[in-house]
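The values are calculated or read from the model by the stated rules, or taken from the named source; none is laboratory data. Note that the coordinates shown come from a computational prediction; the quantities given were computed from them, not determined experimentally. Reconstructed Cβ throughout: ideal geometry from the backbone, glycine too, with neighbour counts over all protein chains shown. Heads up: the accessible areas ignore ligands, DNA and RNA and are worked out on the full protein's heavy atoms, side chains in. Shrake-Rupley method; radii C 1.70, N 1.55, O 1.52, S 1.80 Å.
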Amino acid sequence: MRRILPLIALAIAAPAAAQQARAPFTIAETGQGFQTIDEAVQSVRMGTRRS
């Protein structure tokens, strides 16, 4: 059991780290990431979320 827990933690953390690398601009309140600052600003301005 002790060996499984670190593997589970790593499996959960890896996608989060990868998502941050792909989305350099993030809205702090939602955690939503965007490729460009323009996309982030437009999302806030329109009040919509990108899926």
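Restricting segment 1-18 to residues that are open to solvent by 100 Å² or more (accessible area, probe 1.4 Å) and not aliphatic (A, V, I, L, M) leaves a set whose member that is modelled with the highest pLDDT is ARG3.
Residues that are loosely packed, with under 12 Cβ neighbours inside 10 Å, among the hydrophobic types (A, V, I, L, M, F, W, C), at pLDDT 75 or above and touching a Pro at 6+ places or on another chain (Cβ under 9 Å) are absent from segment 40-50.
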